[in-house]
Protein chains: 2
Amino acid sequence: MRGQTLVWEGDDAIIVANIISGILKVSMSISDGREQIVGVIFPADFIGRPFGQKSPYSVTALSDAELCIFSRSSFDAFARNHPALEHKLLQRTLEELDRAREWMLLLGKKTATERIATLLLEMSIRLSETGCSVEQNELNEFALPLDRQQMGDVLGLTIETVSRQLSRLKADGVIGLPDRRMVSIQDRRRLQDLSAAA
Amino acid sequence: MRGQTLVWEGDDAIIVANIISGILKVSMSISDGREQIVGVIFPADFIGRPFGQKSPYSVTALSDAELCIFSRSSFDAFARNHPALEHKLLQRTLEELDRAREWMLLLGKKTATERIATLLLEMSIRLSETGCSVEQNELNEFALPLDRQQMGDVLGLTIETVSRQLSRLKADGVIGLPDRRMVSIQDRRRLQDLSAAA
DNA sequence: TCTTCTGTTTGATCTGAATCAAGGAAGATC
DNA sequence: GATCTTCCTTGATTCAGATCAAACAGAAGA
């Protein structure tokens with residue numbers, strides 16, 4: 001259910017799950033309330049912390065979602081006896097690590113405009129991978145799974161800066177904003193230039 | 001050899017290696033030269049990108065180092081036939097992902113002072129884990145494996161900000177700086193408070 | 001010893017994004 | 001249809017850290 005938190009930062013990591021549908025966020029926070037979203041999970045992705053005692057982060061649904069949940073202990077045992085599953089899990093974890101590091105570059109070095117451009121492109125790609133029926137690799141209009149506050153928490157920016165940057169991209173004709181959740185990419189090339197890709 | 005780059009960002013990922021001794025950095029950069037250090041690798045850690053075509057990041061020695069190198073293709077094949085190795089690799093990758101996410105919180109939300117305090121504590125812990133002969137978990141004086149520029153590149157700060165923050169911690173009696181590489185932690189409790197841990 | 005070079009510190013100023021502060025729009029609820 | 005309520009936008013101001021600009025320290029040569 002949207003808004004529901006499945007795992008709390010610091011709690012015992014008792015579950016592991018596979019996402020069937022829906023989108024979730026993985027977040028970490030500081031005691032004074034500052035929060036950073038450290039991952040966005042799409043269908044077919046994995047959540048949980050196998051082989052660990054505590055979960056270092058929270059997992060919360062951003063939309064209604066269907067999951068396939070396992071208890072961690074039984075999952076751990078099962079995985080150890082099924083190398084193919086562990087192999088798949090290793091691959092996904094390596095991909096997730098690559099994405100986390102890509103995001104460290106964004107958080108450490110990119111400007112606000114570059115961050116927003118990068119996020120919009122990333123969302124368009126990951127959402128198109130999700131809607132897997134059609135092989136559409138250039139999703140140019142989509143509903144953001146994040147509100148402005150959450151975009152700020154992913155990008156290390158405030159809600160006001162996110163809003164201002166989006167307004168500017170719209171004014172420049174790079175994107176359209178039909179409503180608060182929808183984005184249309186009108187000039188993908190320009191957005192790529194603005195994203196300061198490697 | 002110190003300063004030597006073993007893997008270039010974007011190159012074919014042809015090697016995989018286990019670190020015997022020494023310290024290395026993993027970094028990503030933007031075409032205009034901005035660089036973010038996305039990982040620091042200690043002895044017993046792993047480098048390389050198994051099961052991938054391109055390495056998304058560079059790996060460079062920060063000190064002289066000894067590695068145990070495998071060609072990626074033979075390693076991949078070997079790993080697939082040795083579940084225990086894959087299991088170990090999965091565990092290490094999960095740990096590295098946790099560290100990367102912890103750092104995303106730092107890069108996205110922490111102040112300069114908090115970043116420096118966090119780095120000093122992290123270094124004291126990881127260096128003490130490395131010098132594994134003695135079970136010393138509170139390493140209070142150590143040589144930084146990073147120079148000021150590199151500290152800035154890990155923390156998403158400039159060299160001047162790093163220097164100023166260190167000077168202030170020294171002036172406040174929290175740390176000592178016997179020479180440009182050495183740090184002594186004089187008030188660990190205070191450093192922990194300043195680090196804004198979860 | 002003097003010089004050079006590299007890395008570091010410190011100071012002055014600037015600036016991008018944060019913070020503070022209203023408004024506005026679009027659903028919900030009554 | 002009016003009134004909340006929630007989320008978003010826009011404007012004014014501030015501030016932490018970046019940038020610009022010198023000096024300084026210590027190691028390595030000459």
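Only the coordinates and a few stated rules stand behind these numbers; no lab work does. Note that the coordinates shown come from a computational prediction; the quantities given were computed from them, not determined experimentally. Heads up, the Cβs are rebuilt from the backbone with ideal geometry, glycines too, and the neighbour counts pull from every protein chain shown.
So, counting K/R as plus one and D/E as minus one, what does the shell of residues with Cβ under 14 Å around residue B:60 add up to?
Around residue B:60, the surrounding residues sum to -4.
Could you state the per residue volume, in Å³, of the convex hull enclosing the Cα atoms of the stretch B:1-129?
Once divided by residue count, the hull of the stretch B:1-129 is 116 Å³.
State which helices in chain A qualify, where a helix is a whole DSSP H run, it must extend 24 Å or more along its own axis by its Cα atoms, and its mean Kyte-Doolittle hydropathy must be at least 0.0.
A:112-130
Between the label point of residue A:69 and that of the same position in each other copy, find the distances and list them shortest first in nm, with every label point placed 7 Å from Cα along the Cα-to-C-beta direction.
4.9
Just add up the charged neighbours of residue B:43: K/R +1, D/E -1, any other residue whose Cβ is under 11 Å from the Cβ of residue B:43. List each step's numbers first, then the result.
On the way: positive: B:126; negative: B:45, B:66, B:129.
Cβ neighbours under 11 Å give a net charge of -2.
From a point 7 Å beyond the Cα of residue B:2 in the direction of its Cβ, which residues of the stretch B:25-53 have a backbone N at a distance under 15 Å?
Only B:25 fall inside the zone, counting backbone N under 15 Å.
Give me the number: length gained by fully extending residue A:95 to residue A:12, i.e. 0.36 nm times residue separation minus the C-alpha to C-alpha distance, one decimal in nm.
27.4 nm
When only C-alpha pairs under 8 Å and at least 6 residues apart count, what is the relative contact order of the stretch A:111-194, in percent?
33 percent
Roughly speaking, what is the stretch gain from residue A:85 to residue A:184, that is 0.36 nm per residue apart minus the C-alpha to C-alpha distance, in nm to one decimal?
Net length gain for the segment: 31.9 nm.
For the stretch A:187-196, take each phi angle, set θ = phi - 60°, evaluate the Karplus expression 6.51 cos²θ - 1.76 cosθ + 1.60, and give the result in whole Hz per residue in order, putting x for glycine and proline.
With coefficients 6.51, -1.76 and 1.60, one gets 9, 5, 4, 5, 4, 5, 4, 5, 7, 6 Hz.
Counting only C-alpha contacts under 8 Å and six or more residues apart, can you give the relative contact order of chain B as a whole percent?
Result for chain B is 20 percent.
Placing the label point 7 Å from Cα along the Cα-to-Cβ direction, what are the distances from residue A:54 to the equivalent spots in the other copies, shortest first, in nm to one decimal?
Label-point distances to the other copies, shortest first: 3.9 nm.
At each listed q (0.18, 0.24 Å⁻¹), what is the log10 of I(q)/I(0) that the Debye formula gives for the stretch B:103-198 modelled as equal alpha-carbon point scatterers?
-0.79, -1.41
Across the protein assembly as shown, how large is the tail of the calculated P(r) beyond 38 Å, expressed as a percent of all Cα pairs?
Value for the protein assembly as shown: 20 percent of Cα pairs lie more than 38 Å apart.
Mind listing the label-point distances from residue B:187 to the same position on all other copies, shortest first, one decimal in nm, points 7 Å along Cα→Cβ?
In nanometres, ordered from closest: 5.4.
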